[in-house]
Structure formats: structure tokens, C-alpha cells
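Colleague: Below is one structure. I have some questions about it.
The values are calculated or read from the model by the stated rules, or taken from the named source; none is laboratory data. Quantities reported herein were computed from a predicted structural model and do not represent experimental measurements. Methodologically, a virtual Cβ is constructed for each residue, glycine included, from the backbone with ideal geometry; neighbour enumeration extends over all protein chains shown. Side chains included, ligands, DNA and RNA excluded: accessible areas come from the protein's heavy atoms. Shrake-Rupley method; radii C 1.70, N 1.55, O 1.52, S 1.80 Å.
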Amino acid sequence: MLTLKQLFLGLFLPAVVSGGVLIFARSLSSKQNAISSEKKENRSSDWLIAVALSVGYIVGYLGLEGLPSFPPRLGAHWLCYLAVIGLIVGGLWNFSFWGRIITQVALAVIIPRLLLAPTFRHTWGQLEGIIWWVCLAVAIFIFLNLVQQSFTTLISDASVSFVYFGLSGGTALILAFSGALRLAQHGGILVALFAVSWGIALVSQRRSDNNRYIFPPSASPVVALLLAGIWMNGYFFEEVPTASAILLLISLLFVHVGRIEVIRGLGTRRSALVQIVAIALPVVIAIGIAIARSGLFGDGSGY
């Protein structure tokens, strides 16, 4: 059970810090829109949103784990550094298409070797390691793009925040039912961050700037790297079921149901609801599998 100190440092304080930066970024963006319509003028406020997510997570990490070791000894120790890497990469996200692609490929190739270094050295043989490396690199590359696309494909600000609130919550529950309680707390940090962003999005919808996305594409590296890092730690170092991990990974694919003409014809509110339900379905199934595997309602079975 979480102590009051962990609740404050690991959930409440990150939400307050992240929410404060998000509100400032939103205010700055509105002022920039009033002054200039040039895209470059909005980059500072866009990057501040990445700052809000990254710094919010780092505050939560420090509250739960203390200062991270360097060099990291365990996969979970890399999570704090992934938040920093995502923030740095987010600052370069809008410069060029090919620069972004090259960066995504580099991240996809490097991240598995960093997080899973002990597994590469002590568990996998050379051929098995190469196969896993290629598969993980492809999966991370696809996921980086899915997160970026979801920020602009989801129909409203509130939808974006709510989807990632649910995805983070599902991640935390699956980790908890899999016995990875400490790692589940890291998922809980993301839940707190997206909860406060959801509240800000709901308030912002009533204002004239409701056409602005609260999460620009440049914030996607922070979100994608943190979720991918938590999932990889849960699957390779804990006992997260394979089926649950795969369902979490592919859940964002269903964001594209919003592009189907029939769904678009339902109107903004109903289309957003269909998108959310489509994404939530694999997450709910993944949670159910983790619960069944945990043996909470009887003997668990392998997946």
C-alpha cells in the first residue's frame, strides 16, 4: 500500500508541477497565436508541453526512487533518463521530416540495448538476441509513430488526455496484478499527469483556443519512450503476460477508426466516443488477462 509520502511525492506533486507548466504553456500559446500565426512562434510553447510531461514524471520518479544511479544498473533505472531523452528529442521534433525519421530509428535501435543489457548478455544467445533486437526496434519505431499520430488523429483535446489516462491506468493495473507493484507506481505517475491534463483540456474546450491540441507531436517522444520503457521492464523483468503486453502495444492502432468515413459522419462527440471505446477494448482485455493470470479468482493459467 502506498504511504502518504509516496502519494504526495509520487502522484500529487508530479500532477501539480506538470499541471502548472501545462497551464503556462497553454497561456503562452494563446498569446503567441494572438501576436503571430507563424508556426515557428509556437515551438516554444509546444516544447513546454513536453517539459511538463518530462519534468512531472522526473519529479514522481525522484519521489519514488530517489536519485537515479549512473550508469543505470537496472532497466527501471533508465526510466528517468528516458524522460530526459524524450524531452531533448522533442525539442528537435519539428525541424525536418527525415531528421525525425532518423531520430526515431536511432531511438528504436538504441533503447532495447540500454534497457535490456543484462538480458542480452546473460539470457539470450547471439542469434536470439539479434532476433529480439530487430523485433523490439520495429515495435518501438511503430509505437513512436502511433503516439505522434494519435495526438492529431484523436478528435479533441479531452480525448487525447483521456485515452492516455486510460492507457496509463491499464498499464498500472496490469503491472500490479502481475506482482510488479513498484513498477505499477511508475505507471501511476503517468496516470496523475494525464489526469491533470484531462482536466485542463476540459476547461480549455470552453475557450476560443479549443482548436489547439494540448499535446503537440513534439511531446510524443516523452510519452512513447516512458510507456515503452515501463512495458519492456514489466515484460522482461517482471511477469506481465505476453498477450497483455501485445494488446497494450497495439491498442493505439484503433485510433484510426476515427478516419473511417462512416464514423466521421457520426459527428464530433460520437466519433470521439467510438475512438475511445475502440482503443479501450484491447486495454480492458489485457487487464482481464492479467487478472486471470494472477490467480485472483482461482488458479491462473499461462498466456
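Colleague: Please state the relative contact order of the stretch 223-289 as a whole percent: Cα pairs under 8 Å, 6+ residues apart? Could you put the intermediate results ahead of the total?
Modeller: Details: 50 pairs, mean separation 25.2, N = 67.
Value for the stretch 223-289: 38 percent.
Colleague: Further question: Out of LEU87, LEU154, LEU74, any idea which swings most in a Gaussian network model of the chain, alpha carbons joined below 10 Å?
Modeller: Residue with maximal mean-square fluctuation among LEU87, LEU154, LEU74: LEU74.
Colleague: Turning to a different aspect of this structure: What does the charge count near SER220 come to, summing +1 for each Lys or Arg and -1 for each Asp or Glu among other residues with Cβ under 12 Å from its Cβ? Intermediate values should be presented prior to the final figure.
Modeller: Values: positive: ARG100; negative: ASP46.
Once positives and negatives cancel, what remains is 0.
Colleague: If a/c stays under 1.5 just call it rounded; otherwise compare a/b with b/c (prolate if a/b is bigger, oblate if not). Do that for the stretch 135-271, with a ≥ b ≥ c from the square roots of the Cα gyration tensor eigenvalues. Let's see the in-between values first.
Modeller: Values: a/c = 2.07, a/b = 1.57, b/c = 1.31.
Verdict is prolate for the stretch 135-271.
Colleague: If only Cα atoms are counted, what is the Rg of the stretch 47-86, and what is its Dmax, in Å?
Modeller: Over the stretch 47-86's Cα set, Rg and Dmax evaluate to 10.1, 30 Å.
Colleague: Can I ask one more? Kindly provide the helix-only [θ] at 222 nm of the chain, computed as the sum of -39,500 (n - 2.57) over DSSP H runs of four or more divided by all residues, to the nearest 500 deg cm²/dmol? It would help to have the intermediate numbers written out before the result.
Modeller: Numbers: 13 runs with 220 residues, N = 303.
About -24500 deg cm²/dmol.
Colleague: How much accessible area does LEU127 have with a 1.4 Å probe, in Å² rounded to the nearest 10?
Modeller: 130
Colleague: Based on Cα positions only, what radius of gyration and what Dmax would you give for the stretch 118-165, in angstroms?
Modeller: 16.5, 46
Colleague: Can you run phi through the Karplus equation (6.51, -1.76, 1.60; θ = phi - 60°) for the stretch 100-112 and list ³J(HN,Hα) in whole Hz, with x for Gly and Pro?
Modeller: Going residue by residue, I get 5, 4, 4, 5, 4, 4, 4, 4, 4, 7, 7, 4, x Hz, with x marking Gly and Pro.
Colleague: Let me ask something additional. Expressed as a rounded percentage, what relative contact order does the chain have, with Cα pairs under 8 Å and six or more residues apart?
Modeller: Values: 412 pairs, mean separation 69.3, N = 303.
Computed value for the chain: 23 percent relative contact order.
Colleague: Among rounded, prolate and oblate, which fits the stretch 94-142 when a ≥ b ≥ c are the square roots of the eigenvalues of its C-alpha gyration tensor, a/c under 1.5 means rounded, and a/b larger than b/c means prolate?
Modeller: On the way: a/c = 3.89, a/b = 2.59, b/c = 1.50.
Judged from the Cα gyration tensor, the stretch 94-142 comes out prolate (a/c at least 1.5, a/b above b/c).
Colleague: Mind checking the full-extension length gain between LEU266 and VAL284? Use 0.36 nm per residue of separation minus the Cα-Cα distance, one decimal, nm. Don't skip to the answer; put the middle values down first.
Modeller: Working: separation 18, 0.36 × 18 = 6.48 nm, distance 2.43 nm.
Separation in residues times 0.36 nm, less the Cα-Cα distance, equals 4.0 nm.
Colleague: Here's a follow-up. Averaging over every viewing direction, what projected area does the convex hull of the Cα atoms of the chain cover, in nm²?
Modeller: Numbers: hull surface 67.1 nm².
The number I arrive at for the chain is 16.8 nm².
Colleague: Give, rounded to the nearest 20 debye, the magnitude of the charge dipole that the stretch 144-303 has about its Cα centre when Lys and Arg contribute +1 at Cβ and Asp and Glu contribute -1 at Cβ. Could you put the intermediate results ahead of the total?
Modeller: Values: 9 positive and 6 negative charges, 105 e Å.
Roughly 500 debye, rounded to the nearest 20.
Colleague: While we're here: Along the Cα→Cβ direction, 7 angstrom out, place labels at ARG121 and VAL84. What is the inter-label distance in nm?
Modeller: 2.0
Colleague: Let me ask something else about it. Taking a point 7 angstrom from the Cα of VAL138 along the C-beta vector, which residues in the stretch 219-261 have backbone N less than 15 Å away?
Modeller: 250
Colleague: So, one more: Output ³J(HN,Hα) for the stretch 133-138: one whole-Hz value per residue in order, computed from phi by the Karplus curve 6.51 cos²θ - 1.76 cosθ + 1.60 with θ = phi - 60°, and x for Gly and Pro.
Modeller: Values, residue by residue: 4, 5, 5, 5, 4, 5 Hz.
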